[in-house]
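Take a look at the structure set out below.
Since every read-out is calculated from the coordinates, none of them should be taken as a lab result. These numbers were taken from a predicted model, which means no experiment stands behind them. Here the Cβ positions follow ideal geometry from the backbone for every residue, glycine too, while neighbour counts run over all protein chains shown.
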């Protein structure tokens with residue numbers, strides 16, 4: 001899962017949201033799914049974009065096959081970001097339920113299959 005946090009001035013919220021609708025289309029065209037954009041209720045300048053990629057390799061491919069228009073659109077979205085820090089990007093590997101041992105005395109099924 002990829003998560004990006006943007007800080008957008010209140011007067012630019014509608015324009016930013018409109019640009020993000022186009023960002024959604026190019027992310028999905030390049031393989032992303034489960035895309036969403038959310039605005040923080042307690043901090044209305046904070047926006048979070050989230051999307052999933054099937055695998056890490058798919059994510060890397062997505063990052064390397066932008067068209068010029070997609071890159072320009074990404075730069076347009078990034079230009080809305082205000083503040084001293086850059087857009088915060090998190091890349092997380094989701095784990096299926098039950099794939100991580102919670103206690104040492106619980107056997108790791110994946111290790112026993114080796």
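I want to check the label-to-label distance for residue 1 and residue 33. Put each point 7 Å from Cα in the C-beta direction and report it in nm to one decimal.
Here the answer is 1.6 nm between the modelled labels.
Note the full-extension length gain between residue 18 and residue 87 as 0.36 nm times their separation in residues minus their Cα-Cα distance, in nm to one decimal.
Full extension of this stretch gives 23.0 nm more.
What FRET efficiency comes out for residue 74 versus residue 46 if R0 is 22 angstrom and r is the Cβ-Cβ distance? Round to the nearest 0.05.
So the FRET efficiency works out to roughly 0.70.
Set the Förster distance to 25 Å, then compute FRET efficiency between residue 94 and residue 63 from the Cβ-Cβ distance, nearest 0.05.
Efficiency at R0 = 25 Å is approximately 0.85.
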